[in-house]
Amino acid sequence: MEMLNAWAPLAWAAAVVVTVLVALLIRSRRRSSSSAVRVAHLDRVTELPGFRTARARLRVGLGIAIAMTAVAVAASAALTSRTVTVHTVTPEVHNRDIVLCLDTSGSMTDYDVAILDTFIELVDEFEGERIGLTIFNASAVTYFPLTTDYDYVADQMITLRDNMEDPNTDYAYTDGTLLGDGSSLIGDGLASCTMRFDNLDDDRSRSIIFATDNFVAGKQLVSLPQAGQYAKDNGVVVYGLNPGDSTAQNYIEELAAELKDAVEMTGGEYFALSDPQAVPEIVHSIQEQEASAMDAPSYVVRSDKPDVFLWIAFCAILTLLALGWRLRR
């Protein structure tokens with residue numbers, strides 16, 4: 001339909017141009033006839049082969065000039081009508097869901113910026129997966145839900161990281177994360193992140209990238225092993241990312257071991273934040289999970305296509321210039 005709308009002004013413009021040119025030609029011939037000087041035996045000149053050839057060439061040249069003028073004007077009219085092509089795009093995505101689960105408790109303050117940098121690096125490695133971010137302390141808050149809009153994901157995480165880095169921050173990003181009994185309730189946080197997946201009955205690959213030091217300071221509703229079992233029962237694979245130094249003190253080593261056991265129970269893997277293989281290993285493990293391609297919602301794309309008519313008008317004008325030079329000779 002868009003193409004038909006573009007051709008309508010083109011046809012009208014061509015018809016008008018041809019009509020005007022023919023009228024001018026007829027008028028010019030009438031003027032030439034009325035002001036002509038009568039010459040005896042002119043018919044002998046017009047019968048000469050050279051004259052007849054020159055007249056035929058002139059007529060052909062004028063005809064081509066009229067046609068090229070009409071083409072140029074019609075192409076210009078088509079350009080002003082903004083010819084577009086319309087096609088439907090159905091993007092392909094993978095049926096993998098990934099929730100980034102970030103502990104924002106006090107013991108994680110020094111690490112969260114580095115973890116968000118790691119998350120941003122992770123996002124750059126994915127293509128087609130849905131990604132969401134949940135932050136937690138005593139309670140969990142969805143920072144952004146599962147989405148395939150990676151520009152939005154990156155912008156949101158950069159904004160969160162900048163707020164954490166800002167020495168004058170008002171900590172507004174923690175709103176809603178202090179509604180439990182204590183702080184850093186790790187088991188509750190993991191269970192809440194598991195609940196962020198929609199349609200758990202669908203056949204999808206689901207992963208959690210769980211960043212915490214597992215330093216609990218309060219009364220949990222769900223322990224970390226229970227939360228790990230809950231994730232496993234719902235087909236969610238958990239990857240642990242621990243910024244703590246498990247060799248510094250014995251109690252931290254015990255916490256790291258508990259976190260490692262919980263994530264490995266789900267079929268996931270445990271990494272130290274400082275491990276340079278953490279990002280590539282997590283990406284590789286998630287992509288290894290079986291997932292089939294699926295079609296995302298379709299959308300219509302309209303694109304301007306002036307190229308053809310632009311070249312037609314350009315070539316017609318060049319032809320007119322060449323004809324003008326030739327006819328003048």
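The values are calculated or read from the model by the stated rules, or taken from the named source; none is laboratory data. Remember, it's a predicted structure, so these values are computed and weren't measured experimentally. Neighbour counts run over all protein chains shown; Cβ positions are idealised from the backbone, glycine included. The accessibility values were calculated without ligands, DNA or RNA, using every heavy atom of the protein model including side chains. Shrake-Rupley method; radii C 1.70, N 1.55, O 1.52, S 1.80 Å.
Of all positions in region 127-139, none carries a residue that is open to solvent by 10 Å² or more (accessible area, probe 1.4 Å), among the polar types (S, T, N, Q), over 23 Å from Leu224 (Cα atoms) and out of contact with any Gly (no Cβ under 6 Å at 6 or more places or on another chain).
Among helices (runs of 4 or more DSSP H) lying entirely in region 212-308, which contain 2 or more residues that are within 25 Å of Asp181 (Cβ to Cβ) and at pLDDT 90 or above?
On the way: elements: 224-233, 250-265, 278-288.
Fully inside region 212-308 and qualifying: 224-233, 250-265.
Which one is nearest to Ile208 (Cα to Cα) among residues in region 104-122 that are surrounded by fewer than 18 Cβ atoms within 10 Å (Cβ to Cβ) and hydrophobic (A, V, I, L, M, F, W, C)? The residue in question is Ile120.
Sub-6 Å Cβ pairs linking a first residue in region 295-315 that is within 25 Å of Glu127 (Cα to Cα) and open to solvent by less than 100 Å² (accessible area, probe 1.4 Å) to a second residue that is at pLDDT below 70 and part of a loop (DSSP other than H, G, I, E, B), at least 6 apart or interchain, are Ala296/Pro91; Ser298/Thr90, ordered by first then second residue.
Residues checked against (1) touching a residue at least 40 places away in the same chain (Cβ under 8 Å); (2) more than 30 Å from the chain's Cα centre (by Cα):
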position	(1), (2)
Ile135	yes, no
Thr142	yes, no
Thr148	yes, no
Met157	yes, no
Met164	yes, no
Pro167	no, yes
Leu178	yes, yes
Ile186	yes, yes
Phe197	yes, no
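Can we say Met195 is in contact with a helix residue (DSSP H, G or I) (Cβ under 6 Å, 6 or more places away or on another chain) and at negative phi?
Values: in contact with a helix residue (DSSP H, G or I) (Cβ under 6 Å, 6 or more places away or on another chain): no; at negative phi: yes.
No, not satisfied.
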